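Here the structure comes first, spelled out in structure tokens, and everything after it is commentary.
The values are calculated or read from the model by the stated rules, or taken from the named source; none is laboratory data. None of these values were measured; they are calculated from a predicted model. Cβ placement follows ideal geometry from the backbone for every residue including glycine, while neighbour counts extend to all protein chains displayed. Remember, those area values only see protein heavy atoms, side chains included, never the ligands or the DNA or RNA. Shrake-Rupley method; radii C 1.70, N 1.55, O 1.52, S 1.80 Å.
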Number of protein chains: 2
Amino acid sequence: MPPQSSHLILLIFNSDFSNSCLFSILQQNKGPGVACDFELHVNSWVGCRQSVEFQSSEFNMPSEKSEKAMSPKITGELLRQLRQAMKNCKYFSEPIQAYIIPSGDAHQSEYIAPCDCRREFISGFDGSAGTAIVTEQHAAMWTDGRYFLQASQQMDNNWTLMKMGLKETPSQEDWLISVLPENSKVGVDPWIIAADQWKNMFKALSSAGHSLVAVQDNLIDAVWPDRPERPSTQLRSLGLDYTGISWQDKITALRAKMSERKITWFVATALDEIAWLFNLRGADIEYNPVFFAYTIVGMNTIRFFVDLKRLSNPAVREHLQLDSPSKPELSIQTFPYESVYTELQAICAALGPKDKVWICDKASCALTQVIPKTHRTPIPYTPLCLAKAVKNATEIQGMKMAHIKDAVALCEFFAWLEKEIPKGTVTEISAADKAEELRSQQKDFVGLSFPTISSVGPHGAIIHYRPLPETNRTLTVNEVYLIDSGAQYVDGTTDVTRTMHFGTPSAFEKECFTYVLKGHIAVSAAIFPNGTKGHLLDSFARAALWESGLDYLHGTGHGVGCFLNVHEGPCGISYKTFADEPLEAGMIVSDEPGYYEDGSFGIRLENVVLVVPAKPKYNYRNRGSLTFEPLTLVPIQVKMMNTELLTQKERDWVNEYHRKCREVVGAELERQGRQEALDWLIRETQPII
Amino acid sequence: MPPQSSHLILLIFNSDFSNSCLFSILQQNKGPGVACDFELHVNSWVGCRQSVEFQSSEFNMPSEKSEKAMSPKITGELLRQLRQAMKNCKYFSEPIQAYIIPSGDAHQSEYIAPCDCRREFISGFDGSAGTAIVTEQHAAMWTDGRYFLQASQQMDNNWTLMKMGLKETPSQEDWLISVLPENSKVGVDPWIIAADQWKNMFKALSSAGHSLVAVQDNLIDAVWPDRPERPSTQLRSLGLDYTGISWQDKITALRAKMSERKITWFVATALDEIAWLFNLRGADIEYNPVFFAYTIVGMNTIRFFVDLKRLSNPAVREHLQLDSPSKPELSIQTFPYESVYTELQAICAALGPKDKVWICDKASCALTQVIPKTHRTPIPYTPLCLAKAVKNATEIQGMKMAHIKDAVALCEFFAWLEKEIPKGTVTEISAADKAEELRSQQKDFVGLSFPTISSVGPHGAIIHYRPLPETNRTLTVNEVYLIDSGAQYVDGTTDVTRTMHFGTPSAFEKECFTYVLKGHIAVSAAIFPNGTKGHLLDSFARAALWESGLDYLHGTGHGVGCFLNVHEGPCGISYKTFADEPLEAGMIVSDEPGYYEDGSFGIRLENVVLVVPAKPKYNYRNRGSLTFEPLTLVPIQVKMMNTELLTQKERDWVNEYHRKCREVVGAELERQGRQEALDWLIRETQPII
């Protein structure tokens, strides 16, 4: 699945796409070369955070109407109630003149649970990115070009759409300053605004004489009677055979890092970090095997904040040694999820003068501000994030197994497609469903790791396309088919993209495919020194495209979790130079260059690759070298290649890759008795010359 | 000349190398593979700023003693006087407990004039980087691994050497906090500390209860009776045939940028920007054709701050239209250099509520703080910096001419070397002198653009080596010779590195040379989309080296001025991702990968290249493509190449490059009647197969 930095329109991400009929419109409306030339900046690592800004302001809105218009949500009464709440001293000591409703949850998750879709509830607009601001007179929604149409259809007249990226559109700060009476108070739920975002907004408002105030009770929740409950799915504990390291050892390693840096407390707020730390998984958020929790680790104590009902499960109790801790310093104190605030307050009240508290600088403003500034040590990546990124031998083994199973399912899927497409009965949706069905037959399958991008012809050029009934297209032998999909298995997470043609691809399609392949190989086969950051490899993926005047407008790779989130930090391969950490042996990232011809087709080739030591001829300054080993083992369609454009080295790479696919996946296909898929695999892995 | 980001020890930069016998020691002491593995971070663009920090702390100090020990400067009496000044209310209303003496001048120049060498004066230590702090009890000097030995030899017992990069070495802030009594005042000359550095130090001290205070009179100057005068060399005005754009038109363009951004005033403090703006040059700082000045441009006024004596020159008066301005808004008001502060105060006192003032965020704290915060708009690169970087047709023509003349001199130089080296009479210094002599014969020669790096054998591995009498080595047919040199001509600035062997290079030397050549070609021939930042090209220069486990520890390229500084912003090609601006057609940068085998040899291949439009097959989203055209036209020694390691494309590049050298430089050699050099050129440009 592509990283989230991309040009607009072509980038449709996240899980909440329901009703995005924007897709079909895009498809009808955009011929090749239509300029939609503004750029999205994801401020931190690809995919993790949602704060975005635009670089240029030229934008041609699709003008045709949706075939199936959405009806806007009626929000007059809701807004009236919200404005009443804004004046109600029950929530804040003085009336507030504006209230900000960001997207996102208290853990700054990429995907969110239904109970956290507050911006959607108040406005009707359910795109993945957007911030609402309600004042006494106005209600305004900032969103980007992907969602202009959708937002305008989903919101009623009470709302003004603020089209981000257009020159005339004011920033939230400027707009607030222009509409607010003097000395206004602007409220926000400090749990769902990140500390760094709070800081910027606070500064801007203060300099204009207003104040940004933290309203502890969420005012949307106050007017949302049937708000869904926070999910509290069953916890699953993972043994050493899956995790390689016990949670006790992880705690010990964390404390070693803390004492190395003279840190006395560490506050964990990211859900995947907490799941990784305790070797626990949940299913609170779709596609992400995480659960709502916080953790505060001291040098002798561990505080775990979670819905306590979840801990009645005897297996979980035993896993966490809740009833018989092995050592006092490994005894976990459990607290209700909500009490993290008061507990952190209590801890901070007892801090010694030299005590320091680690917290991620992207954590919620609420928790961050509990820690007095002199004791607070904000960090861009927590030690858990860094440790989680470097997979241990067991995790690597698990990821390899997961990818073999995934390849089995995909070989079977492609063999099925080859047979079924000519019948004209396969659609984008039925293909995606078939792929899921085949994956679900594999051992330890848990679910998908993100919504399948199953796209035919022009839909392939919509980078994060997700087929919907109203856009669903039939697969034919005349169009390129792109499928980007992945699954969660108990032993690992997969994410793979293949682009196929089931008839005869055009010379141009083959040419573009081959440039993309050259870029994919250039990254995958690159040898680079230890200490190299991923962003230095991004241009390798583009050189062949650039040479012909082509490019793609998303990053080249993202970190991948092990039975965790399919997007994770702190490493990646992107032309956006976010503060990525150097690649290390054991890290796992995706390698996924592409090319998108608007209105015609999309090409993307994605393998998940493992960073491994390399042994070149020399070893300059004893630094050591690294390279990548593909974990994904699914044939790359030879029919789409113009082999004349490949160098001998590249042909050798393709042949060696296919040899390995055949050997490793072939053996498993044989073991599983999937003969048809095996035949397909053997056909598709014939050496090229 | 390499950019300034590099590993330590190997990086010796700037002009003040006198007495750096460190070189010879390094050469004796460091065999291949000796670890000196910590990394220097130049915080902004390569070469412009000197604030550095270290990443790792392993460092093996050369332990042998210098052959020619330096005697330390006796500083007891000086320090006594300085401490007296620190208590003297004449300088600051209250006694100050510590005084910071940074390197650098009020314009944040890379090279500084003798009158600005204050840190050297107070301590004796004359390395290019270092910060001194004097308290009532202590005197401490922070410098990096390049200078540990030199600083310890040049400073007496009054000084404590603070070895930056070692774990146990405290930061300046931490050290100050540990030694100062409560509520201390720490003074600094606000003119020589940049606004961003002030901010960091201010924060750190404030959080510990101390205060950082600006002491307007420099306390070193107060105890430096024979301080050299600020240079005030003759100004040279450049006509349209050299500059392409009159200063009047540059002012008009600047004002257009200002009004576009609603800016009412612009304060220029960088010397090369002011020289460029007014089409004037000076010789106040060695190698840099600049002069001490400030400029404040309003929408209707131009204030020019310079030693007024310099304006008595009638040619300069006429050039600036001082006596008969063509239009009132182009009338230049002249002021003494020193009055910039009070004039800026006066301007700021009269600012309207919406007036905004542009100033570079790296400008001095003194001038920055004159501008009230609400009116101040700091920018990383000024509009002058950006405009100066994109050369116009006249400047490009001038740069081309300068490079042809430079190539003529170098062809003659290499032909001479070939003849003279076997006699055993050529040394690093005499070779450098010969190159300068030959350059000086060319039309419009002004001087060198930086100290010539003329290095034989192991000296070549010292990236910024400069030969000194005590290190001077003889050129032989047994060792690799690396010369990195350049000149200032009135029509342009050059900077070229060639690595040659005048006997038979070893297979390893040839192998490394060829990897460096492959990297050089990969950058030079790269095609990339408009809008690409230079740092995205850096890995192209390294890929061939990386594949064999090799690398070099400096950036790949820096911007080059046109008869201005040889290092200039805002673009460059570096693995350090500073905030560089995208490459644009008309920009000029260096392309200079290298390889350094400590104790044996150094290889670097540097051309100055011009960014030009490219026309590949496709034009994705109408963005357009760019590539480079070499301006440097000096043969690359074929003898050093292992042509078997080159691809056909690379061989074609070499042959085409040599064809052009022969055609263009050959014609000029012929015109100048330099037959021997012409013969050499023809021999050295035979096609390779």
Completion exercise
Scanning the range B:623-646 residue by residue, the ones that are free of Cβ contacts under 8 Å to residues at least 24 places away in the same chain and either within 24 Å of A:LEU550 (Cα to Cα) or of a type in the set (A, V, I, L, M) (or both) total 1
Problem - Looking only at the range A:585-642, and only at residues there that are open to solvent by 10 Å² or more (accessible area, probe 1.4 Å) and among the β-branched types (Val, Ile, Thr), the one that is farthest from A:GLY398 (Cα to Cα) - result: A:VAL638
Handout entry: Residues that are within 14 Å of chain B (Cβ to nearest Cβ) and either closer than 11 Å to A:LEU517 by Cβ or in contact with a Pro (Cβ under 8 Å, 6 or more places away or on another chain) (or both), drawn from the range A:628-672
Key = A:ASN642, A:LEU645, A:LEU646, A:GLU650, A:TRP653
Problem - The lone exception for A:TYR381 - which of (1) open to solvent by 20 Å² or more (accessible area, probe 1.4 Å); (2) more than 20 Å from the chain's Cα centre (by Cα) it fails - result: (2)
Fill in the blank from the handout: All conditions in (1) open to solvent by less than 10 Å² (accessible area, probe 1.4 Å); (2) modelled with pLDDT of 95 or more; (3) within 14 Å of another protein chain (Cβ to nearest Cβ) are true of A:PHE508 except (1)
Handout entry: Single unsatisfied condition, A:LEU277 versus (1) more than 21 Å from A:ASP361 (Cα to Cα); (2) touching a residue at least 60 places away in the same chain (Cβ under 8 Å); (3) open to solvent by less than 50 Å² (accessible area, probe 1.4 Å)
Key = (1)
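Please work out which residue is surrounded by the most Cβ atoms within 10 Å (Cβ to Cβ), limiting yourself to the range B:446-461 and to residues that are of a type in the set (Gly, Ala, Ser) and under 13 Å from B:PRO2 (Cβ atoms).
Quick first cut of the range B:446-461, residues of a type in the set (Gly, Ala, Ser) only: B:447, B:449, B:454-455, B:457, B:460-461.
Right, trim to under 13 Å from B:PRO2 (Cβ atoms) and you get B:455, B:460-461.
Working: B:SER455: 33, B:GLY460: 27, B:ALA461: 26.
Restricting to residues being of a type in the set (Gly, Ala, Ser) and under 13 Å from B:PRO2 (Cβ atoms), the top hit is B:SER455.
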Exercise for the section: State whether the residues of the range A:577-590 include one that is more than 12 Å from chain B (Cβ to nearest Cβ), more than 26 Å from A:ILE462 (Cβ to Cβ) and at pLDDT below 95. Expected result: yes
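Okay, residues lined up against (1) within 16 Å of B:VAL370 (Cβ to Cβ); (2) without any contact (Cβ under 8 Å) to a residue 24 or more places away in the chain:
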{"residue": "B:ALA270", "(1), (2)": "no, no"}
{"residue": "B:TYR287", "(1), (2)": "no, no"}
{"residue": "B:MET299", "(1), (2)": "no, no"}
{"residue": "B:PRO314", "(1), (2)": "no, yes"}
{"residue": "B:THR342", "(1), (2)": "yes, yes"}
Completion exercise
Residue set A:LYS615, A:LYS576; condition free of Cβ contacts under 8 Å to residues at least 12 places away in the same chain and among the basic types (Lys, Arg); output residue A:LYS615
Handout entry: Selected residue [touching a Lys or Arg at 6+ places or on another chain (Cβ under 7 Å), open to solvent by less than 90 Å² (accessible area, probe 1.4 Å), of a type outside the set (A, V, I, L, M, F, W, C) and at negative phi] from A:SER259, A:SER246, A:SER232
Key = A:SER232
Handout entry: Residue in the range B:593-611 that is of a type in the set (Gly, Ala, Ser) and either within 30 Å of B:LYS362 (Cβ to Cβ) or within 12 Å of chain A (Cβ to nearest Cβ) (or both) present
Key = yes
Exercise for the section: Look at A:ALA543 and say whether it is within 14 Å of another protein chain (Cβ to nearest Cβ) and outside any helix (DSSP H, G or I). Expected result: no
Practice task
Please go through the range A:523-533 and pick out each residue that is surrounded by 23 or more Cβ atoms within 10 Å (Cβ to Cβ) and part of a helix (DSSP H, G or I).
Solution key: A:VAL523
Practice task
Residues being touching a Phe, Trp or Tyr at 6+ places or on another chain (Cβ under 6 Å) and open to solvent by 70 Å² or more (accessible area, probe 1.4 Å): count how many of those fall in the range A:294-351.
Solution key: 0
Exercise for the section: Can you tell me which residue among A:LEU536, A:LEU517, A:LEU550 is at the interface with chain B (Cβ under 7 Å from one of its Cβ atoms), of a type outside the set (S, T, N, Q) and not in a loop (DSSP other than H, G, I, E, B)? Expected result: A:LEU536
Problem - Condition broken by B:GLN369, with the remaining ones in (1) part of a loop (DSSP other than H, G, I, E, B); (2) open to solvent by 40 Å² or more (accessible area, probe 1.4 Å); (3) in contact (Cβ under 8 Å) with a residue 40 or more places away in the chain satisfied - result: (1)
Practice task
Would you check which residues across the range A:431-475 are among the hydrophobic types (A, V, I, L, M, F, W, C) and in a strand (DSSP E or B) and list them?
Solution key: A:PHE445, A:VAL446, A:LEU448, A:ILE453, A:VAL456
Handout entry: Those residues of the range B:217-229 which are open to solvent by 40 Å² or more (accessible area, probe 1.4 Å) and touching a Phe, Trp or Tyr at 6+ places or on another chain (Cβ under 8 Å), in sequence order
Key = B:ASP217, B:ALA222, B:ARG227
Exercise for the section: For B:ASN565, work out the one condition from (1) within 14 Å of chain A (Cβ to nearest Cβ); (2) within 21 Å of the chain's Cα centre (by Cα); (3) open to solvent by 10 Å² or more (accessible area, probe 1.4 Å) it doesn't fulfil. Expected result: (1)
Practice task
State yes or no: is A:GLY555 in contact with a Ser or Thr (Cβ under 7 Å, 6 or more places away or on another chain), within 14 Å of chain B (Cβ to nearest Cβ) and under 30 Å from A:TRP276 (Cβ atoms)?
Solution key: yes
